[in-house]
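The values are calculated or read from the model by the stated rules, or taken from the named source; none is laboratory data. Predicted model, so just to flag it, every value in this text is computed and none were measured. Virtual Cβ from ideal backbone geometry, glycine too; neighbours counted across all protein chains shown. Heads up: the accessible areas ignore ligands, DNA and RNA and are worked out on the full protein's heavy atoms, side chains in. Shrake-Rupley method; radii C 1.70, N 1.55, O 1.52, S 1.80 Å.
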Amino acid sequence: LKAARIYLGHQGIKLSHTPPHQHAQRVERHVRTMKDRGRTILASIPYILPQKLQGEVYRAAIQHINSLPSTHPNTTPTLQVENRKLDLTKQHVIPFGTIIQIHTPKQPNSSYPRGELGIILGPSECTY
């Protein structure tokens, strides 16, 4: 525990203790916010998302929350933790769950399909 405390201290993270059987209200609020965003995303898509992709909904919600400014002006959690700034000129605004057609490389003859169906699961890492 001491090594973890030292490492987290170097990262600027300060540990605090909560009494037994007490909930940290701030953490609970963040979890509720993430769940609300995830449910909103699920309600906005016009089909039932496969169960194995349900986790991607919450990953996208957290990524969206972390890309917005929070308590510190002119900075975001993503910039503070990962030192990456969102480049809005490269950020494509395609909603989560949008069905798209993905181009496949040239096929041996014209009877093969030229694309496959896909689902947008959030912004890609190349948008930073």
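Close amide-amide hydrogen proximity is noted between I119 and I100, each under 5 Å apart and 5 or more residues distant or on a separate chain (H modeled in the peptide plane; Pro and chain starts excluded). Largest to smallest in accessible area, the residues V57, V27, V81 fall in the order V81, V27, V57 (1.4 Å probe, all protein chains included).
For the chain, the Kirkwood hydrodynamic radius comes to 18.2 Å, computed from all pairs of different C-alpha atoms.
When only the Cβ of Lys, Arg, Asp and Glu is charged (+1, +1, -1, -1), the dipole of segment 1-72 relative to its Cα centre reaches about 180 debye. With all protein chains in place and a 1.4 Å probe, the accessible surface of the chain carries 59 percent carbon and sulfur.
In this view, the solvent-accessible surface of E56, computed with a 1.4 Å probe and all protein chains in place, comes to about 60 Å².
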